[in-house]
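One structure below.
Derivation of every value follows stated rules applied to the coordinates shown; laboratory data play no part. This is a predicted model, so every value here is computed, not measured. Every residue, glycine as well, gets a Cβ built from its backbone with ideal geometry; the counts of neighbours run over all protein chains shown.
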Amino acid sequence: EAGVAQSPRYKIIEKRQSVAFWCNPISGHATLYWYQQILGQGPKLLIQFQNNGVVDDSQLPKDRFSAERLKGVDSTLKIQPAKLEDSAVYLCASNRGQQTYNEQFFGPGTRLTVL
Amino acid sequence: GENVEQHPSTLSVQEGDSAVIKCTYSDSASNYFPWYKQELGKRPQLIIDIRSNVGEKKDQRIAVTLNKTAKHFSLHITETQPEDSAVYFCAASLGSARQLTFGSGTQLTVLP
């Protein structure tokens, strides 16, 4: 089966600019996650979708970050305006169902550099 | 708050030796503990996982042990090879939505 797809792979922007990332999960996977991975740290969950509904966005900085998953398939994550501390790899992951002991499959990530 | 601590942050072993990485978690209700391997510049990939109803699981050279009373779990890699060199992350399902919380990672280097 095809894996989780993400684009772009790399993005460089200046602070206060906006940026958007796109994710296409594995076909049939109901649950989609966005993680932020700062260099040298583990992935940190930003938001979890079940189909097109938000399950948890408690760690999403809602003053600047937003995410949507229209039609329960693809998802976009947006940052507006970006700050220097947003420099990180943004990972998208998906799994089959709501139970977290289904394996999460990760995409290749988008490396964001904010100057 | 909910937390997963991972030690050590770096680990160097000689090829053929064993490597052990340990994690502790805070929420006694956690029920799923995966381990991911992340090579430089690549995505995390699941290498082994364990559910709370078992104490140990093995897959060839890799094993994971879980002590629910002490709230810690460990990854054991035997007969290490240079291709085992990577960053390893533990995780635990925490919180009301059972999402994964990751440890800070261990950079494993296997010296030839």
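Details
- Rg/Rh ratio calculated on Cα atoms of segment A:19-115 (Kirkwood radius): 0.94
- Extreme residue, positive dipole direction of chain A, given options A:Ile47, A:Ser66, A:Tyr10 (C-beta unit charges): A:Tyr10
- In terms of other Cβ atoms within 10 Å, A:Arg16, A:Arg96 run from fewest to most in the order A:Arg16, A:Arg96.
- For the residues A:Gln50, A:Gln17, A:Gln104, a GNM of chain A with alpha-carbon springs under 10 Å puts the largest fluctuation on A:Gln17.
- Phi-based couplings in Hz for segment B:11-27 (Karplus 6.51, -1.76, 1.60; Gly and Pro marked x): 8, 10, 9, 7, 3, x, 7, 9, 10, 10, 10, 10, 9, 10, 10, 9, 9
- 3J(HN,Hα) along segment A:77-84, derived from phi through the Karplus expression 6.51 cos²θ - 1.76 cosθ + 1.60 where θ = phi - 60°, amounts to 10, 10, 10, 7, x, 7, 10, 4 Hz, with x in place of Gly and Pro.
- 5 angstrom amide H check on B:Ile48, placed H, neighbours 5+ away: B:Trp35
- Dipole of the protein assembly as shown [Lys/Arg +1, Asp/Glu -1 at C-beta], most positive-end residue of B:Ser30, A:Pro108, B:Gly105: A:Pro108
- Proxy reagent accessibility, fewest Cβ within 10 Å first, across B:His72, A:His29: B:His72, A:His29
- Selected from B:His76, B:Gln14, B:Ile48, residue furthest toward positive end of dipole (segment B:4-80; charges at beta carbon): B:Ile48
- Convex hull of Cα atoms in the protein assembly as shown, direction-averaged projection (nm²): 12.5
- Among B:Gly16, B:Gly55, B:Gly41, residue whose mean-square fluctuation peaks in a GNM of chain B (springs only between Cα atoms under 10 Å): B:Gly41
- Net charge dipole size for chain B [Lys, Arg +1 and Asp, Glu -1 on Cβ; Debye, nearest 20]: 360
- Among B:Lys71, B:Lys22, B:Lys42, residue whose mean-square fluctuation peaks in a GNM of chain B (springs only between Cα atoms under 10 Å): B:Lys42
- Long-range amide H partners of A:Gln59 with built H, under 5 Å: none
- When only alpha carbons of segment A:1-41 are considered, Rg and Dmax amount to 13.1, 38 Å.
- Based on the reciprocal of the average 1/r between different C-alpha atoms, the Kirkwood radius for chain B equals 14.0 Å.
- For segment A:17-22, Karplus couplings with θ = phi - 60° (6.51, -1.76, 1.60), whole Hz, Gly/Pro x: 7, 10, 8, 9, 10, 10
- Proximity of backbone amide H atoms, modeled 1.01 Å from N, is registered between A:Val19 and A:Ile79 at under 5 Å, excluding neighbours fewer than 5 places apart on the same chain.
- Out-of-range pairs (alpha-carbon distance over 30 Å; input A:Lys11/B:Lys22; A:Lys11/B:Lys57; A:Lys78/B:Lys68; A:Lys11/A:Lys71; A:Lys44/A:Lys71; A:Lys78/B:Lys57): A:Lys11/B:Lys22; A:Lys11/B:Lys57; A:Lys78/B:Lys68; A:Lys78/B:Lys57
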